[in-house]
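S.K.: This is the structure I want to talk about, given as structure tokens.
Just so it is clear, none of the values below were taken in a lab; they were calculated from the coordinates. Computed from a predicted model, the values in this text were never measured in an experiment. So basically every Cβ, Gly included, is an ideal-geometry build from the backbone, and we count neighbours across all protein chains shown.
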Amino acid sequence: MDVSRRGFLKLSGLSIAALATGLGFDPAVAEAKGYALKLEGTKKVPSICHFCAGGCGTLLYVKEGKLVHLEGDPDHPVSEGVLCPKGASLSHVAYSPDRVTKPKRRAPGADHWEDISWEEALDRVAKKTKEVREATWKAADEVVNAKTGLKEMLPVNRADGIAFLGSAEVDNEESYLFTKFCRVIGTPHHDHQARQCHASSVTGLAPAFGRGAMTNSWSDMNNAEVFLIAGSNCAENHPIAMRWILRAKEKGAKVIVVDPRFTLTATKADIFAQIRPGTDIAYLGAIINYIIEKKLYDEKYVLNYTNALFKVSKDYKLEDGLFSGFDPTTKKYATASWGYQLGPDKKPLKADSLEDPDSVFAKLKAHYARYTLETAEKISGIPAAKIKEIADAFSKGKPGTILYAMGMTQHTTGTQGIRAYAIIQLLLGNSGKAGGGINALRGEPNVQGSTDMANLYHILPGYLPYPNHTDKTIRDYLVRNGSFYEKHLVALLKAWFGENATQENDYGCSYFPKNRPAMNATMSEMIG
């Protein structure tokens with residue numbers, strides 16, 4: 001008999017199993033007993049995988065202070081007991097010979113690192129921080145008043161020589177303490193990985209939804225009827241999350257993938273479109289235009305849950321794709337003309353219909369009219385017929401969800417592309433519904449939480465705008481940013497300064513280290 005190597009191995013395995021059964025051994029029972037012996041005397045600790053933002057549940061079995069076994073948590077709502085290779089390898093990470101387990105110091109001029117104690121490390125960091133803080137402390141800064149043109153000294157209370165680099169690998173509580181520590185110690189120079197990855201998600205989604213976060217849980221993907229996956233290869237990068245998409249697909253959901261490459265995710269697509277890198281706005285704009293022209297939008301949702309009827313200022317213009325107020329010299333916008341028309345009660349006026357030329361909807365329609373299917377084809381490389389197919393499938397297959405990751409955020413036009421996602425979903429009414437939404441797939445486990453806790457220079461926890469040097473009092477801050485922040489800000493100051501935060505001292509608001517409005521305190525500036 002001619003037997004291949006693979007066939008020989010199969011026959012050998014079957015023979016051993018048959019022999020064991022014939023001798024009275026049940027392999028399944030033996031495996032179960034071996035598993036029980038391995039876990040005997042261990043302590044079970046539930047945890048979460050920290051490789052990506054899937055949030056998969058793990059069970060750690062610890063004996064005498066050592067991790068002896070790791071497996072998926074069958075009761076976890078995301079992973080349901082399953083782990084991908086990354087999660088399954090966590091035990092190897094814990095005991096890798098390359099893992100740093102002690103503080104290290106490289107002496108001036110040395111070419112190697114030496115181990116030091118935690119006590120020495122903390123003492124050195126504390127002394128150096130105090131030394132730099134005192135040497136670079138600036139209590140006040142000379143600023144030119146924008147209205148009067150006169151110079152004046154304003155309190156800033158900052159140490160320019162200290163910068164903090166946060167992390168997306170720590171939990172929310174640690175992120176909160178990190179933010180509190182750096183603000184109280186007196187530095188506005190504070191940033192973390194979100195600046196380089198999903199910052200465009202916040203600026204793209206926050207104007208539409210109030211927050212730059214996923215709108216759905218992983219399990220809610222099971223309720224979607226259609227998926228648009230563009231800028232993400234989730235089958236490889238978020239494999240456990242992909243299980244929920246495939247589960248919905250088994251029930252009849254359509255999967256649309258737009259990507260420059262034919263990825264593993266694309267192999268599961270019902271519709272695949274290969275796009276020229278960086279041209280997403282063109283095909284997304286064409287989809288928006290198609291939805292409006294063919295009246296595929298959810299009119300009831302648009303009228304009741306968006307600002308479509310609000311009347312825009314008469315001074316607002318759309319010229320050559322640029323909004324009014326653009327200064328070609330500074331490359332910035334003056335936004336004075338971007339407001340709404342206000343009534344006697346200072347509230348925005350509403351149009352009687354979507355056809356009103358002053359309405360937000362009419363402005364949207366006029367702006368996206370330039371994005372025809374043919375124009376989008378020339379720019380993106382996706383055939384016009386394919387863009388139409390995507391638009392029809394996504395518009396009619398409600399509820400629908402959009403998933404993206406670094407493939408969108410890392411473009412210079414990332415914010416605008418993500419904003420286009422939001423416009424599509426608001427037009428279709430795919431928000432606030434089971435299975436409908438926009439989901440930014442994070443690359444690190446807690447980019448979202450670290451951002452919520454304000455590991456970024458320009459915000460406070462909960463996305464409050466960070467005070468600048470013109471905010472001498474809380475009242476100044478509220479006039480500039482909005483009175484709706486008052487309770488949140490006062491609560492934060494009381495949490496940080498305790499009984500020392502009183503109404504008489506403005507709750508300690510002046511203690512915040514402050515930047516000039518145009519001052520850049522990003523991660524890149526810290527390093528540079």
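S.K.: Sum -39500 (n - 2.57) across every DSSP H segment of at least 4 residues in the chain, then divide by the residue count to get the 222 nm mean residue ellipticity, nearest 500.
M.R.: Working: 20 runs with 201 residues, N = 528.
It comes out at -11000 deg cm²/dmol, rounded to the nearest 500.
S.K.: Here's another thing I want to ask about it. Compute the signed sum of charges (Lys and Arg +1, Asp and Glu -1) over the other residues within less than 15 Å, Cβ to Cβ, of Glu377.
M.R.: On the way: positive: Arg276, Arg370, Lys378, Lys386, Lys388; negative: Asp280, Glu374, Glu389.
Surrounding charge for Glu377 is +2.
S.K.: Sticking with this structure for a sec: Answer rounded, prolate or oblate for region 272-382, using the Cα gyration tensor with square roots of eigenvalues a ≥ b ≥ c: rounded when a/c is under 1.5, else prolate when a/b is larger than b/c, else oblate.
M.R.: On the way: a/c = 2.82, a/b = 1.37, b/c = 2.06.
Verdict is oblate for region 272-382.
S.K.: While we're on this one: Can you give the charge dipole size of region 43-96 about its Cα centre, rounded to the nearest 20 debye, using +1 on the beta carbon of Lys and Arg and -1 on the beta carbon of Asp and Glu?
M.R.: On the way: 5 positive and 5 negative charges, 47 e Å.
The dipole magnitude comes to about 220 debye.
S.K.: What is the sum of charges around Pro103, taking Lys and Arg as +1, Asp and Glu as -1, for the other residues whose C-beta is under 15 Å from the C-beta of Pro103? Please list the in-between numbers first.
M.R.: Numbers: positive: Arg99, Lys102, Lys104, Arg105, Arg106, Arg124, Lys127, Lys128; negative: Glu114, Asp115, Glu119, Glu120, Asp123.
Summing Lys/Arg as +1 and Asp/Glu as -1 gives +3.
S.K.: Another question about this same structure. Need one number: % antiparallel among DSSP beta bridges in the chain, to the nearest 5.
M.R.: Details: 31 of 51 bridges.
Taking every DSSP beta bridge within the chain, about 60 percent pair in antiparallel fashion.
S.K.: Can I get the semi-axes of region 43-96's equivalent ellipsoid? Compute them from the C-alpha gyration tensor as square roots of 5 times the eigenvalues, in angstrom, largest first. Walk me through the intermediate numbers first.
M.R.: Values: eigenvalues 64, 35, 12 Å².
Result for region 43-96: semi-axes of 18, 13, 8 Å.
S.K.: Please sort through the DSSP H helices of the chain and keep those with an alpha-carbon extent of at least 24 Å along the long axis and a Kyte-Doolittle average not below -0.5. Write out the running numbers ahead of the final one.
M.R.: Working: long enough: 5-22 (25 Å, 0.64); 118-136 (27 Å, -1.21).
Within the chain the helices that satisfy the rule are 5-22.
S.K.: How many angstrom lie between the C-alpha centres of region 118-194 and region 392-470?
M.R.: Centre-to-centre distance over Cα atoms comes out at 28 Å.
S.K.: Let me ask you something else. Among Lys350, Lys363, which comes first, second and so on when ranked by fewest other beta-carbon atoms within 10 Å?
M.R.: Final ranking by Cβ density, sparse to dense: Lys350, Lys363.
S.K.: Stokes-Einstein diffusion coefficient for region 69-190 at 4 °C in a medium of 1.567 mPa s, Rh from the Kirkwood formula over Cα pairs: what value in µm²/s? Could the numbers behind the result be given before it?
M.R.: Details: Rh = 19.3 Å.
Rounded to a whole number, D works out at 67 µm²/s.
S.K.: Starting with the highest mean, order 215-225, 474-484, 190-200, 162-172 by the number of other Cβ atoms within 10 Å, averaged over the residues of each peptide. Show your work: numbers first, answer last.
M.R.: Details: 215-225: 19.9, 474-484: 14.4, 190-200: 23.0, 162-172: 18.2.
Packing proxy ranking, top to bottom: 190-200, 215-225, 162-172, 474-484.
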